[in-house]
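Colleague: Would you mind keeping the following structure in view while I ask a few things?
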Amino acid sequence: MATEEVCKPPNLPPYPEMILAAIEALNEKEGSNKSAISKYIESSYGELPQSHSSLLTAHLARMKESGELLLVKNNYLKPGPEAPPKRGRGRPPKPKPVVPPDAVLPPPRPRGRPPKPKDPLAAAVAKVNKGLPRARGRPPKKARPAVSAAAAPASDGAPAKRGRGRPPKPKPVAANDEA
């Protein structure tokens with residue numbers, strides 16, 4: 001920290017102040033370019049840090065981005081009082097509706113996904129099974145609802161249930177050569 005204080009020239013105002021003072025003092029109709037601003041600051045404030053040119057460039061860019069300065073044809077000038085304020089990037093926020101101060105507002109909706117409805121049966125089963133140890137291994141399959149007669153396959157020779165895996169390849173029927 002001591003080295004920063006030793007290297008810093010004494011009694012220098014902040015760069016934005018020096019830049020604005022230079023633009024006002026130069027009072028050019030179409031604005032002042034960077035070299036004119038730099039020469040004015042060097043002549044007015046004398047001892048400047050070695051990194052003056054890079055500091056000036058960085059502060060000019062920052063002031064241009066924030067809307068303190070306008071850049072027109074490589075010249076910097078102060079925006080007029082009737083100039084609209086510079087808007088940030090992205091979509092502007094929605095305008096908020098005007099609400100009278102005595103109006104009672106409903107509480108805002110909570111953020112995120114709403115919680116699932118509570119199942120009273122599941123809560124009762126969990127309460128009963130709370131003290132029991134869990135069974136080891138894969139849990140058994142849940143019972144399927146009974147299939148109606150219209151949806152069930154016919155029992156005339158067709159298998160009721162398909163086996164697991166790929167079905168076997170059908171064997172070709174041998175043609176009888178009796179003709």
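The values are calculated or read from the model by the stated rules, or taken from the named source; none is laboratory data. Keep in mind that what you see is a predicted model, and the values were worked out from it rather than measured. Positions of Cβ are backbone-derived with ideal geometry, glycine not excepted, and every protein chain shown enters the neighbour counts. Quick note on the areas: whole protein, heavy atoms, side chains included, nothing else; ligands and nucleic acids left out. Shrake-Rupley method; radii C 1.70, N 1.55, O 1.52, S 1.80 Å.
Colleague: Across segment 118-136, which residue is modelled with the highest pLDDT among those that are of a type in the set (A, V, I, L, M, F, W, C) and either open to solvent by 80 Å² or more (accessible area, probe 1.4 Å) or outside any helix (DSSP H, G or I) (or both)?
Modeller: Leu121
Colleague: Only residues that are free of Cβ contacts under 8 Å to residues at least 24 places away in the same chain and either open to solvent by less than 50 Å² (accessible area, probe 1.4 Å) or not in a loop (DSSP other than H, G, I, E, B) (or both): list them for segment 47-61, please.
Modeller: Hits for segment 47-61 are His52, Ser53, Ser54, Thr57, Ala58, Ala61.
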